[in-house]
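Inspection log for the structure reproduced underneath, given as structure tokens.
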Amino acid sequence: MPDFELEDKYQGLVAGVDEAGRGPWVGPVVAGCAVFLTKDVDEKLLSQLNDSKKLSKKKREMLYDLLLKEQNLGHMLLGIGEASAKEIDEINILNASFLAMKRALDKACQDKPVMVLVDGNREPKTFGCAVKAVVKGDAKSYSISAASILAKVYRDRLLEKMAEQYPGYGFEKNAGYGTKAHIDGLKKYGVTPEHRRSYAPIKEFLK
């Protein structure tokens, strides 16, 4: 379970960032950024924060709302950033993920943090401040965990809206991953403008 141990190693603003949506074939990659300005936040939030993939949709939605509430109370800084399918195709998914993270960081923090904790094993070079990669960070750091929930819930909602625009692919259920419903939709309706054309399965459908 996450805690504040990593954040406590630094004096000053410490941000956590994480992304959602590297694997899907469609839509943007989304990053969240979270900074705890105080540890005096809703105990319900801290007791249930975890890797967003280990939480039910209902619990993620509840925690997302709690995060926004803490932001409104002035206890947290939050930011969400995106990189589009077109940007993913142009600069590749890793660089697009870093770009989304930088956008989330810029939205959350007017002042540069003393440290940015990034989920994963790669350290972005474009943040303009100190960065530490933390493997499985969303299960270790409250800040990264909060960022992962922000990114996941925001992206799932985006895909639910996309499902209304492009029905027949199951985006509201599969979040753009390559499920049977998604493949059936591609066979029936073809590739949408939101698909990632650089991804191998989509390249096949474009042939």
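The values are calculated or read from the model by the stated rules, or taken from the named source; none is laboratory data. Here the structure is a predicted model, which is why all the values come from computation and not from measurement. Cβ atoms come from the backbone with ideal geometry, glycine included; neighbour counts cover every protein chain shown.
Brief remarks on what is shown
- Helices (runs of 4 or more DSSP H) enclosed by the range 144-207 - at least 3 residues per element that are surrounded by fewer than 23 Cβ atoms within 10 Å (Cβ to Cβ) and not acidic (Asp, Glu): 180-189, 200-206
- The range 52-66, subset among the aliphatic types (A, V, I, L, M) and farther than 9 Å from Val153 by Cβ, residue surrounded by the fewest Cβ atoms within 10 Å (Cβ to Cβ): Met62
- When the range 3-58 is filtered for residues that are in contact (Cβ under 8 Å) with a residue 60 or more places away in the chain, of a type in the set (Gly, Ala, Ser) and farther than 16 Å from Leu150 by Cβ, the ones remaining, listed by number, are Gly12, Gly23, Gly27.
- Any hit, the range 177-197, residues being within 23 Å of Ser56 (Cβ to Cβ), touching a residue at least 12 places away in the same chain (Cβ under 8 Å) and touching a strand residue (DSSP E or B) at 6+ places or on another chain (Cβ under 7 Å): no
- Taken over the range 26-55, the criterion of being modelled with pLDDT of 95 or more and closer than 20 Å to Thr179 by Cβ is satisfied by Val26, Gly27, Pro28, Val29, Val30.
- Failed item in (1) of a type outside the set (Phe, Trp, Tyr); (2) part of a strand (DSSP E or B); (3) free of Cβ contacts under 8 Å to residues at least 40 places away in the same chain, with Val118 passing the rest: (3)
One line per residue, one yes/no per condition, for (1) surrounded by fewer than 20 Cβ atoms within 10 Å (Cβ to Cβ); (2) assigned to a helix (DSSP H, G or I); (3) small (Gly, Ala, Ser):
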site	(1), (2), (3)
Ala31	no, no, yes
Leu46	yes, yes, no
Asn50	yes, no, no
Leu77	no, no, no
Leu99	no, yes, no
Gly128	yes, no, yes
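- The range 103-126 - residue that is within 22 Å of Glu82 (Cβ to Cβ) and acidic (Asp, Glu) and, of those, surrounded by the most Cβ atoms within 10 Å (Cβ to Cβ): Asp119
- Every test in (1) touching a strand residue (DSSP E or B) at 6+ places or on another chain (Cβ under 6 Å); (2) within 18 Å of Glu160 (Cα to Cα); (3) not polar (S, T, N, Q) is passed by Ala15 save one, and that test is (2).
- Qualifying positions in the range 12-25 - charged (D, E, K, R) and either modelled with pLDDT under 95 or surrounded by fewer than 24 Cβ atoms within 10 Å (Cβ to Cβ) (or both): Arg22
- Looking only at the range 59-69, residues that are of a type outside the set (A, V, I, L, M) and without any contact (Cβ under 8 Å) to a residue 40 or more places away in the chain come to 3 in all.
- Criterion: surrounded by fewer than 20 Cβ atoms within 10 Å (Cβ to Cβ), touching a helix residue (DSSP H, G or I) at 6+ places or on another chain (Cβ under 9 Å) and of a type in the set (Lys, Arg) - qualifying residue of Lys9, Lys69: Lys69
- Single condition Glu123 does not satisfy, out of (1) closer than 29 Å to Glu194 by Cβ; (2) without any contact (Cβ under 8 Å) to a residue 12 or more places away in the chain: (1)
- Unmet requirement for Glu82, which otherwise passes all of (1) of a type in the set (Asp, Glu); (2) more than 12 Å from Glu19 (Cα to Cα); (3) outside any helix (DSSP H, G or I): (2)
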